[in-house]
1. Would you please give the FRET efficiency between Ile142 and Glu307, computed as 1/(1 + (r/R0)^6) with r the Cβ-Cβ distance and R0 = 51 Å, to the nearest 0.05?
2. Enumerate lysine pairs in segment 231-372 that are 8 or more residues apart or on different chains, then count those whose Cα atoms are under 18 Å apart.
3. Tell me the angle of helix 207-241 to the major Cα principal axis of the chain, expressed in degrees between 0 and 90 and rounded to the nearest ten.
4. Can you give the extra length, in nm with one decimal, that the chain gains between Glu43 and Tyr120 once fully stretched, where that is 0.36 nm per residue apart less the Cα-Cα distance?
5. What's the percent breakdown of Cα-Cα distances in segment 209-321 across 10 Å bins, shortest bin first?
6. Karplus couplings for segment 354-360 from phi (6.51 cos²θ - 1.76 cosθ + 1.60, θ = phi - 60°), rounded to Hz, Gly and Pro as x?
7. So what is the relative contact order of segment 254-393, in percent, for Cα pairs below 8 Å that sit 6 or more residues apart?
8. Let me check against my output: what whole-number percent is the relative contact order of segment 324-463, with C-alpha pairs under 8 Å and at least 6 apart?
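What follows is calculated from the coordinates using simple rules that are stated; it is not laboratory data. The structure displayed is predicted, hence computed values, not measured ones. No Cβ is skipped: glycine too gets one built from the backbone with ideal geometry, and neighbour counts run over all protein chains shown.
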Amino acid sequence: SDIPDRIKDGYGLNQHLIDRAHEDGIDTIITCDNGIAAAKEIEYGKELGMTIIVTDHHEVPYKEDETGRIYLLPPADVVVDPRQEGCEYPFKGLCGAAVAYKLVEALCEVNGQEASDLDYLLENVAIATVADVMDLTEENRILVRQGLEMLERTSNLGLRSLIQCIGLEGKKIQAYHIGFILAPCLNASGKLDTAKRALALLRAKTEREADILAGDLKALNESRRDMTDRVVDEAMAKVEQTDIRDDKVLVIYLPDCHESIAGIIAGRLREKYAHPFFVLTKAEEGLKGSGRSIEAYHMYEGLHGVEDLLTKYGGHKLAAGLSLEEKNLEELRKRLNADCHLTEEDFVHKILIDVPMPLSYVNMQFVESLSLLEPFGNGNKKPVFACKDVPVSHVQLRGKNKNVASFLLTDETGRKLNGIYFGEAERFYDEMQGRQSIQIVYYPDINEFRGNRSLQIVVTNYK
């Protein structure tokens with residue numbers, strides 16, 4: 001197996017990787033999560049006499065003429081991608097790793113083996129599905145639910161060490177833990193070092209080797225997080241202090257940003273401003289970047305409309321990657337905005353409340369019954385509850401960076417409940433001074449600390 005180096009090789013298949021495989025006597029290449037847009041590279045591999053199988057889940061490139069769209073499949077021997085025309089697979093929302101898993105499952109059945117022999121791979125499919133922010137609906141819901149259960153009792157030494165290292169041992173692992181703790185550690189190696197280090201962790205043969213690699217990945221992720229925080233501040237200053245603030249689709253050029261965190265920066269900016277964002281960095285040749293979008297803007301189609309300005313691009317509705325020459329930067333920004341058809345209504349932060357519910361309804365049994373709806377994540381959000389005029393007291397800032405606010409809330413019966421807020425905690429603290437009550441959007445949870453379980457109200461938004 002081979003993993004492209006993000007900076008030297010770029011994303012996915014390239015001529016250099018094909019040459020390396022060919023020189024090593026390899027006659028078959030199977031891609032995972034890439035290849036659908038690599039027609040030129042695949043054609044080169046075919047000229048060398050190689051068999052090439054593409055497994056991917058990204059949008060199929062297309063051109064348009066008077067008859068409509070003409071989809072351009074790469075000249076591989078086999079293309080496995082549920083998004084291609086004519087694919088009868090009933091669920092289109094699989095991530096790249098799940099598509100690869102389906103191929104392995106099919107090969108297993110052709111060989112007369114039981115597909116259940118592959119169940120141990122479901123924990124990897126679950127990690128990939130959550131990490132790639134796929135909708136946790138239909139088949140993904142089943143894959144992630146089963147994968148999470150298996151992850152808690154995994155026999156993979158590397159995953160076991162990482163779970164222990166990040167403090168999740170013995171806990172019920174949820175999709176949230178994958179998205180915000182586990183996957184970022186695995187991802188950090190590909191962003192700041194080489195992704196081969198994460199692969200080495202998953203293949204570790206001894207506990208000692210696994211423990212060392214898990215510690216390395218945790219430390220790498222912490223430095224990636226610090227770097228990200230610094231660059232987000234720089235990017236926000238650029239948005240606030242320049243005329244791009246008036247754009248509908250924001251294109252930000254951060255020449256000194258490590259290209260591997262461009263997508264994370266774009267995601268954080270998208271969350272704050274509710275606009276589509278492209279973050280571009282200086283690459284070895286030209287500029288390279290990532291985009292993250294809002295529901296109203298199809299990012300891949302937006303890039304397709306300006307493909308004459310790009311050297312490379314790919315992705316799907318809510319996320320994309322692109323490369324271009326530096327001279328085209330300003331033209332890219334202008335044309336993306338001219339073609340986008342977005343209105344001010346599309347940029348409003350909308351909070352959809354499922355149930356206005358008094359806090360007195362919250363008890364242990366109710367919170368435990370909510371777990372039947374898990375796994376929560378994209379496409380299957382936690383239920384959103386709301387309550388008006390809730391008395392609040394004892395507001396404190398907690399955490400190493402004072403980034404968590406804790407407080408007491410009083411329900412209609414006079415019962416006190418612990419509350420917690422993970423947003424802009426210092427701002428929350430300042431706004432609560434001298435205030436007796438607030439309106440809250442919340443989710444009831446159970447806090448487990450040193451063996452004690454208590455109810456906790458997680459406030460997600462307030463007024």
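1. Numbers: r = 37 Å, r/R0 = 0.72.
Working from the Cβ atoms, E equals 0.90.
2. So the count of such lysine pairs works out to 15.
3. 80
4. Numbers: separation 77, 0.36 × 77 = 27.72 nm, distance 3.49 nm.
Roughly 24.2 nm would be gained on extension.
5. Over segment 209-321, the share of Cα pairs per 10 Å bin runs 14, 42, 31, 11, 3, 0 percent.
6. 6, 9, x, 9, x, 5, 5
7. On the way: 192 pairs, mean separation 23.4, N = 140.
RCO, segment 254-393: 17 percent.
8. Reported relative contact order: 21 percent.
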